[in-house]
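These notes are about the structure you will find just below.
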Amino acid sequence: MKVLILGAGEVGFHLAKRLSQETQDVILIESDPDRADFVSQQLDVLTLVGNGASLPVLGEAGIADAGMLLAVTSKDEVNLVASMTAKSLGVQHAVARISNPEYYDKGSALSRERMGIDLMINPERECAKEIFDLLRSEIATDVVPLAGGRVQLIGLRVKTGAPVEGRPLEQLATELEGHHYVTVAIVRDGITEIPKATSVIRAGDLVYLLSPSTEIGDIASLAGYEPSGLRRVMIAGGSSEGEHLARILGSQGIECVILDHDRRHCVKLAERLPHALVLHGDATDLDLLEMEGVAGIDGFVAATARDETNILASLLAKTSGAQEVISLVHKFEYLRLVPRVGIDASVSPRMSVVNAVLRYIRKGKVVAVANLTGIDAEAIEFTVAEGSEITSKKLREIHFPKDAIIGTIFRGSDMILPRGDDQILSGDDVIVFALPSAIPKVEKLFA
């Protein structure tokens, strides 16, 4: 399928890279000649310089025979015009990245339904939901609900002395038979490994597990953590992400404090968020953080518009004793830095866009897709179609890619932790964890 991507920023670049790895026909349109030149040197995709909302530019890119348009520039209006133009020219799927609530609120005169756009993605709202899931999990670096919320993909760093430290997975499967989870990835020294039965977990490893949502609370002790509760959260920065998060916290009855450096913005936030305490101040002012009780806070979220400020504020909060610290990160290159400097987790609004787009465009009966911050892997949830190759044999007889693993099988209300003698049936929901190189082979098995 020919895919046109508008915008060669970090979102467009990441999408083009992923889709080109999967042998899609990708054409990237970028208005900045220098950025377009950089992308053309880095990726094996056709790059055009021009305004993505311009009909002649779209025509030159081959819009007439494109199957999909992904408008992911930083400008809502460009994305909207390009998507509407694409739909009028017969493109089957048009996806737009949109931040302004006037364009995505239900009932708006400019809503997705009225403009005929297939999908609008609001990164700020998606980001706030992800942060809230992380805060609730207390110890996770990533939390992704799958299978309608019945199971969660959780990432956590193993502490020294944890019950799982120094043991191979096959031994843990026997010793922890009462715990229903599957280890789907181990990240060590920045390298992601799809584990085997003989893989050994070490202190400091970032481990990704699939576990029933009802049993997530049991995972913390296995990794060496003591469970606690979420009662009070401090948000540094009154950004859109921070405001959305405050609304979610307020709806759950969780105490929320917001710090912002702009006095006028603080007044507006206080009017819009009556259940939150809004304070005027600098998130990197250690004296202010200590005075407001950051040492006893259950969760600290750095959500300003600047990555550098977020990382510094997060480090100050962590060293001052905040229980869980989460940093908002816009630049992809910073995502790998966050865990190395001691911050518990990071969330990227741009990665939220990537996840939503990939979820929409995958082949086959794909229910959900999740890219994870800082690692090169995806969790993909399939609903198995009748006649799929994956249903033809027992799992041990299928040549499944070595860089992928089947995490769980859902058959009706039953969750199955897969073994070699199990067989996948049509209608099953299956969660697969895979590195990019293995995804085309996995999709072929489920097609």
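The values are calculated or read from the model by the stated rules, or taken from the named source; none is laboratory data. Keep in mind that this is a model prediction, so the values were computed, not measured. Please note: Cβ atoms are built from the backbone with ideal geometry, for glycine as well, and neighbour counts cover all protein chains shown. To get the accessible areas, we keep the full protein, side chains included, count just its heavy atoms, and leave off ligands, DNA and RNA. Shrake-Rupley method; radii C 1.70, N 1.55, O 1.52, S 1.80 Å.
Any chance segment 285-294 includes a residue that's open to solvent by less than 10 Å² (accessible area, probe 1.4 Å) and touching an Asp or Glu at 6+ places or on another chain (Cβ under 8 Å)? There is no residue in segment 285-294 that is open to solvent by less than 10 Å² (accessible area, probe 1.4 Å) and touching an Asp or Glu at 6+ places or on another chain (Cβ under 8 Å).
Taking strands (runs of 3 or more DSSP E) as the structural unit, those lying wholly within segment 382-447 and holding at least 1 residues that are open to solvent by less than 20 Å² (accessible area, probe 1.4 Å) correspond to 404-411, 429-434. Screening Gly148 on (1) out of contact with any helix residue (DSSP H, G or I) (no Cβ under 8 Å at 6 or more places or on another chain); (2) part of a helix (DSSP H, G or I); (3) surrounded by fewer than 24 Cβ atoms within 10 Å (Cβ to Cβ); (4) modelled with pLDDT of 80 or more shows it passes everything except condition (4).
In the set (1) open to solvent by 10 Å² or more (accessible area, probe 1.4 Å); (2) closer than 23 Å to Glu378 by Cβ, Leu15 fails one condition alone, (1). Here Ile258 passes the criteria (1) surrounded by fewer than 17 Cβ atoms within 10 Å (Cβ to Cβ); (2) at pLDDT 95 or above except the one numbered (1). Any residue that is open to solvent by 80 Å² or more (accessible area, probe 1.4 Å), in the same structural domain as Met115 (by the TED database), in contact with a Gly (Cβ under 7 Å, 6 or more places away or on another chain) and hydroxyl-bearing (Ser, Thr, Tyr) - is there at least one of those in segment 66-83? Yes, the conditions are met somewhere in segment 66-83. Listed by first and then second residue, the pairs linking a residue in segment 335-361 that is within 29 Å of Gly321 (Cα to Cα) to a residue that is assigned to a loop (DSSP other than H, G, I, E, B) and among the small types (Gly, Ala, Ser), with Cβ atoms under 7 Å apart and 6 or more places separating them unless they lie on different chains, are Leu335/Ser348; Leu335/Gly374; Arg336/Gly190; Arg336/Gly374; Pro339/Gly374; Ala345/Ala140. Going through (1) modelled with pLDDT of 90 or more; (2) surrounded by fewer than 21 Cβ atoms within 10 Å (Cβ to Cβ) one by one, Ala8 falls short only on (2). Looking across segment 129-139 at every residue that is under 21 Å from Leu337 (Cα atoms) and at pLDDT 75 or above, the one that is most open to solvent (accessible area, probe 1.4 Å) is identified as Glu130. Taking helices (runs of 4 or more DSSP H) as the structural unit, those lying wholly within segment 6-95 and holding at least 1 residues that are under 21 Å from Pro440 (Cα atoms) and of a type outside the set (Ser, Thr, Tyr) correspond to 10-21. The numbered conditions (1) out of contact with any helix residue (DSSP H, G or I) (no Cβ under 9 Å at 6 or more places or on another chain); (2) without any contact (Cβ under 8 Å) to a residue 60 or more places away in the chain are all true for Gly62 except (2). Among residues that are open to solvent by 70 Å² or more (accessible area, probe 1.4 Å) and free of Cβ contacts under 8 Å to residues at least 60 places away in the same chain, Asp307 is not included. Only residues that are of a type in the set (A, V, I, L, M, F, W, C) and surrounded by fewer than 24 Cβ atoms within 10 Å (Cβ to Cβ) were counted across segment 233-249, and they come to 1. Only residues that are closer than 11 Å to Gly7 by Cα and either open to solvent by 70 Å² or more (accessible area, probe 1.4 Å) or not assigned by the TED database to the domain that holds Gly67 (or both) were counted in segment 36-53, giving 2. Among the residues of segment 151-178, the one identified as open to solvent by 20 Å² or more (accessible area, probe 1.4 Å), assigned to a loop (DSSP other than H, G, I, E, B) and touching a helix residue (DSSP H, G or I) at 6+ places or on another chain (Cβ under 6 Å) is Pro163.
For segment 112-123, residues that are open to solvent by 30 Å² or more (accessible area, probe 1.4 Å), in a helix (DSSP H, G or I) and at pLDDT 80 or above total 0.
Taken together, the residues in segment 179-202 that are open to solvent by less than 60 Å² (accessible area, probe 1.4 Å), at pLDDT 90 or above and in a loop (DSSP other than H, G, I, E, B) amount to 2.
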